[in-house]
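Have a look at the structure below before the remarks.
Throughout, read-outs are computed from the coordinates displayed, never taken from laboratory work. Here the structure is a predicted model, which means the values were calculated and not measured. Note that each Cβ is placed from the backbone with ideal geometry, even for glycine, and that neighbours are counted across all protein chains shown.
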Amino acid sequence: MNRRDLICLTLKGLLAWLALSGLAWYGGPWLGQGLLPLVEAAIISMTSEVSPSLKLVPSTSDYSIELSAWVLTPIYINASQYIPPGTELKSSTHLLHNLVPLVIEGSILLVWPVQRRAQRVLLIGFGLLTAALVIMATLPALLLGQMEISFQDVAETGKKPRLVPWFVDWMAFCELGGRWLLAIASAWLCIQVQRWLLRD
């Protein structure tokens, strides 16, 4: 690839990023609303201690995804503290923040060089599927992890504190750039699958 091709590809990537960012900005609430049932199901599979309920809440410049979780069984905090059943716990996160992987993956797939239209169609189709899976792998952990961190702050003040659940470490990984890596890895996977399905 010569310098001219590289510059052209970079400009196409920027245009794709701007276009997808605009779509996420204006179509985000619709997309977020459609994802809520799937995210709720993922949260239920990750913990049996709470009954979750999700909703989109308008904020100043964005929408927030708000988790309201009703405690079903006593949640152990430390040797002298627990959260009783019936308690409502809450956490929230910005919608656009969680749509970033979709924009990153989509930008890569829209500018990836292909020779046939069928290749582009497959890339976009697989991209939509894997982007939804990335969001499903990151958003539930973020909502639960934020809620869990507040438990840990209290747990550390007493004896035999509650063990940190696995999804808190996963949340930290995702928030430190892991969600970007997942988006790039998903784009690479889509490209490899497309090549395998449409190999000459």
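Quick look at the values:
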{"read-out": "Nearby aspartates and glutamates by direct alpha-carbon distance to residue 90 (threshold 20 angstrom, same-chain neighbours under 8 apart not counted)", "value": "40, 49, 62, 66, 148, 153, 169, 175"}
{"read-out": "Spatial separation of Cα centroids for the range 1-71 and the range 122-175, in angstrom", "value": "15 Å"}
{"read-out": "Loop GluC sites (Glu not before Pro), the range 86-172 (other Cβ atoms within 10 Å of the site Cβ: 16 or fewer; DSSP)", "value": "156"}
{"read-out": "Built amide H within the under 5 Å cut-off of residue 87, gap 5+", "value": "71"}
{"read-out": "Longest DSSP-loop-exposure-free segment, trypsin sites (Lys or Arg not before Pro), the chain, at most 16 other Cβ within 10 Å", "value": "1-115"}
{"read-out": "Candidate values [x] 39, 17, 15; [y] 27, 22, 17; [z] 42, 21, 18, label of the one derived for semi-axes √(5λ) of the Cα gyration tensor in Å", "value": "[x]"}
{"read-out": "Local electrostatic count, residue 138, Cβ distance below 14 Å [Lys/Arg +1, Asp/Glu -1]", "value": "-2"}
{"read-out": "Rounded, prolate or oblate (a/c below 1.5 giving rounded, otherwise prolate when a/b exceeds b/c) for the range 25-80 by Cα gyration tensor", "value": "prolate"}
{"read-out": "Within-13-Å neighbourhood charge of residue 185 [Cβ basis; K, R +1; D, E -1]", "value": "0"}
{"read-out": "Relative contact order (%) - criterion: Cα under 8 Å, at least six apart; region: the chain", "value": "21 percent"}
